[in-house]
Amino acid sequence: MKPLLEVRALTIDVPKGEGWMRVVDGVDFSIGAGERVALVGESGSGKSMTARALMRLDDALRIGGAIRFAGEEVLGCTEAEMRALRGSGIGMVFQDPMASLDPFMRVGDQVAEVLRIRGVGRAEAHARAVAILAELGVRDAASRSGAYPHEFSGGMRQRVVLAMALVAGPKLLVADEPTTALDARIQQQVLDLIDDAAADRGLGVLLITHNLGIVAGFADRVLVMYSGRIVEEGPVEQIFAAPAHPYTRGLIAAVPRADMRVDRLPPIDGAPPSPARRPSGCAFHPRCPVRLPVCVMTAPQLRPSGGGSVACHLAAAEEAMA
Ligand SMILES: Nc1ncnc2c1ncn2[C@@H]1O[C@H](COP(=O)(O)OP(=O)(O)OP(=O)(O)O)[C@@H](O)[C@H]1O
Ligand code: SF4
Ligand SMILES: [Mg+2]
């Protein structure tokens, strides 16, 4: 069966001075219909850039490679085709709900607007907006749909944003750090909502997060990103039980535990590199506790490992010896 979304050799360059700077460097992944995939990695690894490229949200970027959604080549779409794809093909939820909402527009109208621009009549659009807000747990949705965003709590705003992403019936939901701005209890509620809404609709989901802790109960498959590349990919059980990449191991070791009061620990010593100063060879080598001499010179390629893939010289050597 053809995957719902297929991303091949994706590169993303951002304008820098006279030239370009590569922030995503040859990313491959696919998402099947109804499949839940988590994209994890520290800040600056290129997660949001990858998500935004799927929807072609930034004109200023130079995007290379191939992005196929439901068999269609996204990078070849006209702007009109892109407008149809956004919302009815791929729905997207961003990290900061306030930035996605118009402060001067009633929330019900904002959800209805997604349908109105697709030619749905006013009354029907409004009725469907109220119905989806109610489904997503907005109590008294009929009257609350007349409120403005500032009258809603953070968790409630995220429900409105989720309603906007889902109301036009997409096949894939891209959720970029949908819970980061919320407190832990509300985070779980929003994640459960996404879980239920996706299950009811058979949606594929790309969940972007730097928090591996929320991934275990949600995703089927995990993509680990470091410095613009996928360094490990595999079924969620394998990633947690037998992570092959030293970076993945570090991320898992840093998953906050319920018995600790700190909710964000630095995953691994040191900071991720800026794309302008990506280290030679394996980009993780300056921070890697088990690096080999070859790591400084040669970039490891992503190769099959267990049920997934890993890009690491040591993992490849260990596998060859096993
Ligand atoms: N508009 C832009 N122009 C230039 N560089 C950018 C732009 N947006 C992001 N970058 C750079 O591209 C890299 C990837 O950014 P991206 O936002 O995709 O990271 P991320 O993995 O989503 O991080 P976070 O977890 O902080 O959201 C970063 O180094 C960032 O500084
Ligand atoms: S390739 Fe080398 S430096 Fe990179 S993660 Fe593997 S062992 Fe560490
Ligand atoms: Mg981001």
Hits in region 31-57 (condition: farther than 30 Å from residue 250 by Cα and touching a helix residue (DSSP H, G or I) at 6+ places or on another chain (Cβ under 6 Å)): 55, 56
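Does residue 227 fit the bill of being polar (S, T, N, Q), crowded, with 19+ Cβ neighbours inside 10 Å, within 16 Å of ligand 3 (Cβ to nearest atom) and in contact (Cβ under 8 Å) with a residue 12 or more places away in the chain? Talk me through it step by step, then tell me what you get.
On the way: polar (S, T, N, Q): yes; crowded, with 19+ Cβ neighbours inside 10 Å: yes; within 16 Å of ligand 3 (Cβ to nearest atom): yes; in contact (Cβ under 8 Å) with a residue 12 or more places away in the chain: yes.
So residue 227 passes the test.
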Residue that is modelled with the lowest pLDDT [pool: residues in region 259-306 that are surrounded by fewer than 17 Cβ atoms within 10 Å (Cβ to Cβ), under 17 Å from residue 243 (Cβ atoms) and not aliphatic (A, V, I, L, M)]: 306
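Go over the candidates 40, 93 one by one and state the one that is within 16 Å of ligand 3 (Cβ to nearest atom) and at pLDDT 95 or above. First the steps, then the outcome.
Working: 93 fails: at pLDDT 95 or above.
One residue alone meets the criteria, 40.
Do you know which residues across region 172-193 are more than 16 Å from ligand 1 (Cβ to nearest atom) and either part of a loop (DSSP other than H, G, I, E, B) or modelled with pLDDT of 95 or more (or both)? It would help to see each step written out before you state the result.
Keep residues of region 172-193 that are more than 16 Å from ligand 1 (Cβ to nearest atom), which gives 172-173, 183-186, 188-193.
172, 173, 183, listed by residue number.
Enumerate the helices (runs of 4 or more DSSP H) found wholly within region 66-126, keeping only those where 3 or more residues are over 18 Å from residue 56 (Cβ atoms). Break it down stepwise before answering.
Details: elements: 79-88, 97-100, 107-116.
Qualifying helices (runs of 4 or more DSSP H): 97-100, 107-116.
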Only listed residue being in contact (Cβ under 8 Å) with a residue 60 or more places away in the chain, surrounded by fewer than 16 Cβ atoms within 10 Å (Cβ to Cβ) and within 16 Å of ligand 1 (Cβ to nearest atom), chosen from 48, 43, 100: 43
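Would you pick out the residues in region 10-40 that are of a type outside the set (A, V, I, L, M), away from ligand 1 (no atom under 13 Å from the Cβ) and touching a residue at least 40 places away in the same chain (Cβ under 8 Å)?
Pass one, region 10-40, residues of a type outside the set (A, V, I, L, M): 11, 13, 15-20, 22, 25-26, 28-30, 32, 34-36.
Filter again for away from ligand 1 (no atom under 13 Å from the Cβ), leaving 18, 26, 28-30, 32, 34-36.
Selection gives 26, 28, 29, 32, 34, 35, 36.
Would you pick out the residues in region 84-97 that are of a type in the set (D, E, K, R) and buried (at least 18 other Cβ atoms within 10 Å of the Cβ)? Show your work before the answer.
Going residue by residue through region 84-97, those that are of a type in the set (D, E, K, R) are 86, 96.
Passing the criteria: only 86.
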Pair list, Cβ under 7 Å, 6 or more apart: region 197-222 residue among the aromatic types (Phe, Trp, Tyr), other residue within 16 Å of ligand 1 (Cβ to nearest atom) and not in a loop (DSSP other than H, G, I, E, B): 218/38; 218/207
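The values are calculated or read from the model by the stated rules, or taken from the named source; none is laboratory data. Quantities reported herein were computed from a predicted structural model and do not represent experimental measurements. Cβ: placed from backbone, ideal geometry, glycine included. Neighbour counts: every protein chain shown.
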